[in-house]
1. In the structure shown, do any of LYS226/LYS455; LYS387/LYS455; LYS122/LYS560; LYS226/LYS387; LYS505/LYS541; LYS441/LYS572 have a Cα-Cα gap over 27 Å, and if so which?
2. Taking 7 Å along the Cα-to-C-beta vector as the label spot, tell me the ASP290-ASN545 distance in nanometres, rounded to one decimal.
3. With +1 on each Lys and Arg Cβ and -1 on each Asp and Glu Cβ, how big is the dipole of region 208-364 about its Cα centre, in debye rounded to the nearest 20?
4. Report Rg (one decimal) and Dmax (nearest whole number) for region 380-510, counting Cα atoms only, units Å.
5. Length gain on complete extension for the stretch LYS197 to GLU368, per 0.36 nm per residue less the alpha carbon to alpha carbon distance?
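Every number in this text was worked out from the coordinates using simple rules, so none of it is lab data. Just so you know, these numbers come straight off a predicted model, no measurement behind them. Neighbour counts are summed over all protein chains in view; Cβ atoms, including those assigned to glycine, are modelled from backbone coordinates with ideal geometry.
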Amino acid sequence: MGKYDRSVKNVKSTLISEKSSIFATEIYPTNYNYDRMKRFLLAMVVLFTTLCGAKAAVDPNFHIYLCFGQSNMEGNAQWESIDNEYVDPRFQMLATTDFSNPSRQLGNWYTAYCPIVSPTGKLGPTDYFGRTMVAALPSDVKVGVVAVAMGGSPIEMFDKDKYQSVIKNNTTEWYVTLANNYYGGNPYGRLVEMAKKAQESGVIKGILLHQGCSNCANPEWPNMVKKIYNDLLTDLGLNAADVPLFVGEVERFEQGGGCSSHNDVVAQIPNVIPTGHVVSSYDCPGNGSDPWHFNPTGYRMLGRRYAYEVLRVMGITPQLAEGYTLPNNMQKFLTAKSLTSPGTIAMRVGSSRTIELRAVFNDNHTEEISNEATFALPSFLAFENGKFVAKAEGTGDVTATFTDFTGNTVSTTFTVECNDLGPNHVLVVNNGNAGSNPWDKQLITILNEPMVQGKTYIVKATIKADNSGDCALWPIWTTSPNRDDWGNSSDVQYLASYVLTSEFKEFTWEFSASFPNDRLQFVFGKIGGKVYFDDVSCMEKGTTNEMVVNGSFESDDLSKWSVISWGGQSMKIEEIAASGIEDIRIEMPTNGVIYDLSGRRVDAANAHKGIYIINGKKVIKK
């Protein structure tokens, strides 16, 4: 055995000795080969230690969420003192650009104080998303957000195959300036770069998107989102099942939203992306100064709802984690102190109605929480699919109970009266001042299914107005690829105009569908004041399939109805003595197709007393 072999043998024996260390000075002989071997082994130990350390730095309990979109995701409301009062250090943000105030460097992690997304961003949904998540998850779990967003940005700015063309053709746009100043002219590339950086520390658990006002109601938007989502998964080595997509609604029309029709497109996300989920913006207040952005309360609510949806997908009930102490600012926002009673409610037997039940929280903001409440009901009343249903005549009390995120419980009691001849309800549209064009004021309803091109349809509506004027019907195919200069569908049928008076009259439009119309537009822009609608119906000729949802307005569900709120219009269901057209009072037929006021088919033999729809007319069974 040569010197080299003996040296190796000595090293081996030393390494297995329990009393020795490879760093011990007394064990190495004074020969060149051994010195080289020692240095090699030391280098391997250092390399092994480094590699193990790098692997250990990826914390499986550090949950990362990628966030992208336009101004609402960037944050548009000035944060208030309560928002930066305290942020749990378990909620982190990765700076995707350099910040000057507060000072942050690209690629570094920081506690997620406002602003999170960009130096020009403000309070947005990411803030209370992360704060709610850490409050609901175990204490050893951290949450991090990696966000890239620019105000006014179309979704194409995040398509890695289209963004260069968008920038080239829109050099003066603000979102292009933001992209160049903050994200090197490539927002998608920066998001992927920072996501890979984040993967060195934690595990990507989901993707949050809020965008749409710049692609308002574009029927191709869900497929455009799908491409970007799939690109992110591929470029980051992720699986869709492990990294779901959460898409927030834009501002609703009830809150003054200027592109609320985009929510119909957002609703298609789960149909296009199996791992896609929609986050509701219902009741999230707008800022009152423009028709696109929320106020601080709206962003807090929206962020919390993103968190709730993520938690539910994870199989976790959205509630405060055991042992977690909420900071004062979160305690005020999340703790309900009372429920506001809706007062006495009158219903017709057979009708359904959603009840607005509002909780008042410790920071004094209010939210509609009826879908989260439980109800103790009298026997004549049921609660089905989020609505009260009047099953029979009777008067009694309902007790509503709501348990908030913190586990605190509040309740209220109110009275419901149900009878066969309860008040008739109509939709009252307040136009305010008259416009100069017919299309300035409209009532719009989404059909429960599109028309079939070439088939004949009959639309009926009972209408009156405080001031005389013309009302026309314009069915429209909103998802048509044929768009005008403003991105709106050009495929509209312009049907007859009728003169409205102060007396209710039933008007009828019979026509062959030129397109697969999916909405009805009643246009009456030159009428000032109030216009009243009742018994709106649309059926294919020769059938009894009602395509209008709640055209009798006996339910207060207006989810398929809208007006041009940014044009000064508002709408409300009100009670009136009668519509001027008497209800038809006949014995229930023994055959034929009958529907209740929720549009459900009813067996005539088993129908109880109440109101039904037969051939588009209200019928009262005594």
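1. On the way: LYS226/LYS455 34 Å; LYS387/LYS455 34 Å; LYS122/LYS560 33 Å; LYS226/LYS387 34 Å; LYS505/LYS541 21 Å; LYS441/LYS572 15 Å.
Flagged as over cut-off: LYS226/LYS455; LYS387/LYS455; LYS122/LYS560; LYS226/LYS387.
2. Taking the two extended label points, one gets 4.3 nm.
3. Values: 12 positive and 14 negative charges, 107 e Å.
The dipole magnitude comes to about 520 debye.
4. Rg, Dmax (Cα atoms, Å): 21.6, 57.
5. Working: separation 171, 0.36 × 171 = 61.56 nm, distance 4.00 nm.
Full extension of this stretch gives 57.6 nm more.
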